[in-house]
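Remarks on the structure that follows.
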Amino acid sequence: MIQAAQVASKFTLFTHHAKTFPNLVTALRNSMLRTGVFTNEKTAEEQVVQVLNFDIHLQKDFKGKRYVERITECRPVESKNDYTFEHRNEKTLEGKMDKFFDNATRYFSKITDKEMYTYVNILEYIDGEYVITNKISDENLIAMKNNMDVNDAENFEKFIERFWGDNKGKANKKDVEVIPKKRGRKAKVQ
């Protein structure tokens, strides 16, 4: 499923039984490790996080009625090279060593406790109604609009403005050219 989501289509839809988003990531990561394709937990988790854009979590109430409890967006954390080269400006060996240890601490923190993703709930069912709780990331907004026809993209931008009050995520024409999609079968040629 993860491999197919990376290359096969614009989206992949599947079901799962995880109770929380971190549990979903862990379960998928562990499944990938069990297949033997991956031996490194972080690499397997990174692959999972790259394809999980949204989790639509269903819940069943005590009457047996199912409803969407929350929609969660996965946000992969990009690895940054935040090392400093300030040691070059230090005049003393002690100063150079302090800067070296600062960089070494950053390095070991990244290696041993690397955060692969963050997640936010976009929509939640609270007290009998749906509440939009966080804005969808600009990257996902642009990707979503890139797959809409002109009319849908305009309506989506109005939705963004209504609920988040800004035009961030508004695709610049130079970034994304929205081309209306043709629907239906191709005409038969006789």
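The set of residues in region 29-43 being modelled with pLDDT of 90 or more and closer than 16 Å to THR118 by Cα consists of ARG29 alone.
Within region 58-82, the set of residues being in contact with a Ser or Thr (Cβ under 7 Å, 6 or more places away or on another chain) and either without any contact (Cβ under 8 Å) to a residue 24 or more places away in the chain or outside any loop (DSSP other than H, G, I, E, B) (or both) comprises GLU73, ARG75. Cβ separations smaller than 7 Å between residues 6+ apart or across chains give no pair from region 139-153 residues that are within 16 Å of VAL51 (Cβ to Cβ) and assigned by TED's automatic domain parsing to the domain that holds GLN50 to residues that are at pLDDT below 95 and aromatic (Phe, Trp, Tyr). Counting residues in region 69-92 that are among the basic types (Lys, Arg) and over 24 Å from the mean Cα position of the chain (by Cα) gives one or more.
Just the residues that are out of contact with any strand residue (DSSP E or B) (no Cβ under 6 Å at 6 or more places or on another chain) and either assigned to a helix (DSSP H, G or I) or farther than 20 Å from HIS16 by Cβ (or both), please, taken from region 38-49. Scanning region 38-49 gives THR39, ASN40, GLU41, LYS42, THR43, ALA44, GLU45, GLU46, GLN47, VAL48. Residues that are of a type outside the set (Asp, Glu), touching a Phe, Trp or Tyr at 6+ places or on another chain (Cβ under 7 Å), surrounded by fewer than 13 Cβ atoms within 10 Å (Cβ to Cβ) and closer than 30 Å to GLU129 by Cβ do not occur anywhere in region 18-34.
The values are calculated or read from the model by the stated rules, or taken from the named source; none is laboratory data. Model, not experiment: these values are computed from the prediction. Reconstructed Cβ throughout: ideal geometry from the backbone, glycine too, with neighbour counts over all protein chains shown.
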